[in-house]
Amino acid sequence: MYITYMNKFLSSQISKSIRIVKDFPKKGILFQDITALTDDQLIFKNIVLEINQYITNNNISKIIGIEARGFIFAAAAAYASNIPFVPIRKKNKLPGKTYKQKYSLEYGQDEIHIHQNSINKSDRVLIVDDLIATGGTAIASSKLLSKFKPKNISFLMIIDLVNLKGSAKIRKNYELVSLYETQG
């Protein structure tokens, strides 16, 4: 299912507030600085409320945050919705038994982990991150969560850099909602 954003007013708020930093962290990148959204109490609250609405409408039982900026929105929404927050972390950040998933980046390989006891087959999970670009981390996250065989996996991204086509890759197999679309 293709959903661009859930709330036109919120999308407009994000558009007006997001700070774009040219050539960061390297030349040619238009970095979307989400701290402009978290610094504004009303916008941050509205984003969390929108995530909570999705959680309620879709009977989400656990919310997953992708390290690190996904933690900001996912943890706040989990708290407000009274459901568990589960982190997906980079390699060597979680103690105990974890599932892991390697994936490719433009500049090499990376690996993400999740605790082996964090998801059940009956769970309906929502993966939240601040932004989707090429989709590498989101695809790796879906593969990681598929190891649990949950009832449903969906995604919610605050910002979708549509020209980089990551959201199109995810939408082949999962529902992905973005609150704001732009170019990256």
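The values are calculated or read from the model by the stated rules, or taken from the named source; none is laboratory data. Being a predicted model, the structure only gives us computed values, none of them experimental. Every residue, glycine as well, gets a Cβ built from its backbone with ideal geometry; the counts of neighbours run over all protein chains shown.
Can you give me the ranges of the strands (runs of 3 or more DSSP E) entirely in the stretch 1-114 with at least 3 residues that are surrounded by 12 or more Cβ atoms within 10 Å (Cβ to Cβ), at pLDDT 95 or above and touching a His at 6+ places or on another chain (Cβ under 9 Å)?
Values: elements: 19-22, 30-33, 62-66, 85-90, 98-105.
Once the strands (runs of 3 or more DSSP E) in the stretch 1-114 are filtered for at least 3 residues that are surrounded by 12 or more Cβ atoms within 10 Å (Cβ to Cβ), at pLDDT 95 or above and touching a His at 6+ places or on another chain (Cβ under 9 Å), what remains is 85-90, 98-105.
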Among (1) on the phi > 0 side of the Ramachandran plot; (2) of a type in the set (K, R); (3) in contact with a strand residue (DSSP E or B) (Cβ under 6 Å, 6 or more places away or on another chain) - the single one K149 does not satisfy: (3)
Touching a residue at least 24 places away in the same chain (Cβ under 8 Å), more than 12 Å from the chain's Cα centre (by Cα) and buried (at least 20 other Cβ atoms within 10 Å of the Cβ): does that describe D123? yes
Residue by residue through the stretch 59-104, note down the ones that are small (G, A, S) and closer than 20 Å to T134 by Cβ. G65, A68, G70, S104
Identify the residue in the stretch 121-163 that is polar (S, T, N, Q) and not in a loop (DSSP other than H, G, I, E, B) and, among all such residues, is farthest from Q109 (Cα to Cα). N152
Residue within the stretch 133-141 that is loosely packed, with under 15 Cβ neighbours inside 10 Å, modelled with pLDDT of 95 or more, aliphatic (A, V, I, L, M) and closer than 28 Å to L49 by Cβ present: no
